Structures are given as C-alpha cells and as structure tokens.
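I have placed the structure first, in the form of structure tokens, so that the comments after it can refer back to it.
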Amino acid sequence: MIPSVDWITFDCYGTLIDWERGIRTHLARLLIQKRVSVPVDELLRAWEQSQFKLIQQPYHRYRVILGDSLEEALNRFKVTYDPEDGPRFAHAMGSWRPFKEVPAALERLQKKFKLGIVSNVDRDILSRTLTYLGVPFDVVVTAEDVRAYKPSAKGFEEALKRMGSPAERVLHAAFGVAYDLGPARKLGMKLCLVRRPGLPKAAVPPTDVDVHDLTELADKLGA
C-alpha cells in the first residue's frame, strides 16, 4: 500500500547524486597523479571505513573528515598524503552530478509534495550540489547545521522541526540503510528504499516503498 504523505525527504549523496561514480573517478585520478598502483576498490573501502569511524567521533566539519579519512586510507597503502588532497576532495564532491533521471523525477514530485534533504555534509558543499538538481527544496538540513552526522537522528529531528509536520506524514527516500532508513524509522517516518547500484549489504527494515530510481518513485506516488 502506497503511503499517504505530504513531504518527501532525501538523502543526497548516493541517492540523488551518483556518489559511487564521483568518488571512484576522483580516487582513480588521485592515484594516477601520485603515480602509484593501488586498486581503487581497496582504497575506496579503506576510505569508507575511516570516514565512518570519524563521523562517530566529536563533530568536525565534513571537509576536515574528508581530508583526515583520505589521509588515513592512503597511509594504509604507504601513499603520501599532500595538504591539498583534502581540499581538492571536498571541492570535487560539490561537482558530482545526479543520476540521470533525478532532475526530471524531482520536478514531477515537486508538483505533488514538498521536498527536503537531510545530508551528511557541510553547507557550502551541498549548496554547489543543489544547482545540479533542478528544483528548489523546501527544507535542507546538513550535518553542519546540527553538528552531528547520520546515523544520529539529530538531522532528521531538525528537518521535522522545520517542516512542522508529523513524522508519519513524511517519506524519507535513501539508499543507505544504516545511515538513513534506521534512524528515520525510529522517528516514525515512512521509508523508501532506493536500490542504487552498490547498495550496501545490510539488513533492510520494513519499507513503505521500494524502488530502483526516482522515476519509479514518482510513478508509484502518482506524481
């Protein structure tokens, strides 16, 4: 049964933005520039582990975490980290593009629902990304706003406060189970799993909508 909601909130990177392609491309170019032979998959896995560890520690801006986690990952492979590597990583992130169906699907959804974003980044990085999504969002909450990273519920709580909506009238759409669907479910929000390529292998809580992309979401919601 399709849920009756007034709002749809989204995870941004990995759900709206093609995070997998963006980060793989950036890391591959970095390794070429450094003239080292390290498998991109292994470096990506090491970076993800470091990043997840760091976001659970006392708050630092995401650009700092990007640099520190990249340095830690490179060190595992005995690759030199240069001071400009972190800022370049953060700058690149703001230029990564959405999945091809996203702008048109968001335009459809916006005609029927209010839209929001809850994201684990800094405001300035997300502000660049928003220019590629094609629609204005009614509510945008970043980790910088609440000084906490998902899977903390603080970003969702702040979004619900700004929306002025009961949690059960909000559908949260994401590909991240641990980061997004878990905490959103605990607050009583409706859930949409977006099965993007590279979906992390994790137990998925019961969802209200299950789709492969946002076009399918717009179709199912009658937008």
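The values are calculated or read from the model by the stated rules, or taken from the named source; none is laboratory data. This one's a predicted model, so the numbers in the text were calculated from it and none came from an experiment. Here Cβ is always computed from backbone atoms with ideal geometry, including for glycine, and neighbour counts include all displayed protein chains.
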Note to self: Tell me which helices (runs of 4 or more DSSP H) are completely within the range 125-223 and hold 1 or more residues being more than 24 Å from P58 (Cα to Cα), or say none if there are none.
What the structure shows: 154-163, 182-186, 214-220
Notebook entry, point to check: Can you name the condition, by its number, that L109 falls short on among (1) touching a Phe, Trp or Tyr at 6+ places or on another chain (Cβ under 9 Å); (2) at negative phi; (3) surrounded by 19 or more Cβ atoms within 10 Å (Cβ to Cβ)?
Noted result: (1)
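In the range 40-59, is there at least one residue being free of Cβ contacts under 8 Å to residues at least 60 places away in the same chain and in a loop (DSSP other than H, G, I, E, B)?
Taking the range 40-59 first, the residues free of Cβ contacts under 8 Å to residues at least 60 places away in the same chain are 40-54, 57-58.
So of that shortlist, the ones also in a loop (DSSP other than H, G, I, E, B) come out as 57-58.
Yes, there is a match, as at least one residue in the range 40-59 is free of Cβ contacts under 8 Å to residues at least 60 places away in the same chain and in a loop (DSSP other than H, G, I, E, B).
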Margin query: Under 8 Å between Cβ atoms, which residue pairs at least 6 apart in sequence (or on different chains) link something in the range 72-96 that is outside the structural domain of R123 (by TED's automatic domain parsing) with a partner that is of a type in the set (S, T, Y) and in a loop (DSSP other than H, G, I, E, B)?
Written below: L74/T80; L74/Y81; N75/Y81
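Tell me, which residue of the range 1-39 that is assigned to a helix (DSSP H, G or I) and small (G, A, S) is surrounded by the most Cβ atoms within 10 Å (Cβ to Cβ)? Show your work before the answer.
Within the range 1-39, the subset assigned to a helix (DSSP H, G or I) is 19-34.
Next cut, small (G, A, S) only: 22, 28.
Working: G22: 18, A28: 14.
Looking at residues that are assigned to a helix (DSSP H, G or I) and small (G, A, S), I get G22.
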Check: Before we move on, is R147 out of contact with any strand residue (DSSP E or B) (no Cβ under 8 Å at 6 or more places or on another chain), modelled with pLDDT of 95 or more and at positive phi?
Finding: yes
Next item on the list: For residues that are free of Cβ contacts under 8 Å to residues at least 60 places away in the same chain and β-branched (V, I, T), tally how many sit in the range 161-185.
Entry: 1
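State yes or no: is R61 modelled with pLDDT of 95 or more, surrounded by fewer than 20 Cβ atoms within 10 Å (Cβ to Cβ) and touching an Asp or Glu at 6+ places or on another chain (Cβ under 8 Å)? Outline the logic, then answer.
Numbers: modelled with pLDDT of 95 or more: yes; surrounded by fewer than 20 Cβ atoms within 10 Å (Cβ to Cβ): yes; touching an Asp or Glu at 6+ places or on another chain (Cβ under 8 Å): yes.
When the stated conditions are applied, R61 passes them.
Here is a check on your reading of the model: is K112 in the same structural domain as D213 (by TED's automatic domain parsing) and among the basic types (K, R)? If you could, list the steps in order and put the result at the bottom.
Values: in the same structural domain as D213 (by TED's automatic domain parsing): yes; among the basic types (K, R): yes.
Yes: the conditions hold for K112.
Give me the residue from the range 79-90 that is exposed (fewer than 15 other Cβ atoms within 10 Å of the Cβ) and not charged (D, E, K, R) and, out of that set, farthest from G222 (Cα to Cα). Talk me through it step by step, then tell me what you get.
Our first condition is that a residue be exposed (fewer than 15 other Cβ atoms within 10 Å of the Cβ); within the range 79-90, this holds for 80, 82-84, 87.
Still in the list and also not charged (D, E, K, R): 80, 83, 87.
Numbers: T80: 52, P83: 49, P87: 42 Å.
Out of the qualifying residues, it is T80.
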